Amino acid sequence: MISQTTKYALMTLGFLADRPGQWVQGGQIAEATRIPANYLSKILNQLRKRGFVESQKGWGGGFLLREQALAQPIGRVLELFEGPSLVRQCVFGLRACDDAHPCPLHCRWTRVQSEYDTLLEKTTVADLRSGLQP
């Protein structure tokens, strides 16, 4: 349902959430999460531009999860990497599938989409913490 890039972004945020207030080098993140360093660099740049992380060059620098990012819903991360909310399509690919002209799975699929939307709205970056000490 979500791209590898988005999965990596969520993993990265979870890794940083486990290290509140700590600057972490990109190489450390790449090694711990097994995300290719070049790929991670692009992800971190997007997260920085959107205010999830701060970056600092030089000795003692790296990446830091911004405190206010902890309260952000993970739906914002999906929007960043997947674009505006995923297009709601019929399971069967029908163009005219709505409450007035439902496909055989319309009612069930609508409930699944609603639960998924709730998950994205109610789950925050803080919820991505593993609870493990670094």
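The values are calculated or read from the model by the stated rules, or taken from the named source; none is laboratory data. Treat the numbers as computed from the prediction; the structure is a model and nothing was measured. Heads up, the Cβs are rebuilt from the backbone with ideal geometry, glycines too, and the neighbour counts pull from every protein chain shown.
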For the stretch 17-59, give me each residue that is more than 18 Å from Gly75 (Cα to Cα), in contact with a Leu (Cβ under 8 Å, 6 or more places away or on another chain) and hydrophobic (A, V, I, L, M, F, W, C). Trp23, Val24, Ile29, Ala30
Of the residues in the stretch 1-53, those that are surrounded by 20 or more Cβ atoms within 10 Å (Cβ to Cβ) and in contact with a strand residue (DSSP E or B) (Cβ under 9 Å, 6 or more places away or on another chain) come to Thr12, Leu13, Phe15, Leu16, Val24, Ile29, Leu44, Leu47, Phe52, Val53
Restrict the check to the stretch 108-120 and report whether at least one residue is of a type in the set (A, V, I, L, M), assigned to a helix (DSSP H, G or I), touching a helix residue (DSSP H, G or I) at 6+ places or on another chain (Cβ under 8 Å) and modelled with pLDDT of 95 or more. no
Would you be able to tell me the number of residues in the stretch 57-103 that are without any contact (Cβ under 8 Å) to a residue 12 or more places away in the chain, surrounded by fewer than 12 Cβ atoms within 10 Å (Cβ to Cβ) and either hydrophobic (A, V, I, L, M, F, W, C) or over 22 Å from Lys7 (Cβ atoms) (or both)? 10
(1) outside the structural domain of Lys7 (by TED's automatic domain parsing); (2) under 27 Å from Met11 (Cα atoms); (3) modelled with pLDDT of 90 or more all hold for Pro104 apart from (2)
Specify which of the listed residues (Gly51, Gly60) is assigned to a loop (DSSP other than H, G, I, E, B), on the phi > 0 side of the Ramachandran plot and over 16 Å from the mean Cα position of the chain (by Cα). Gly60
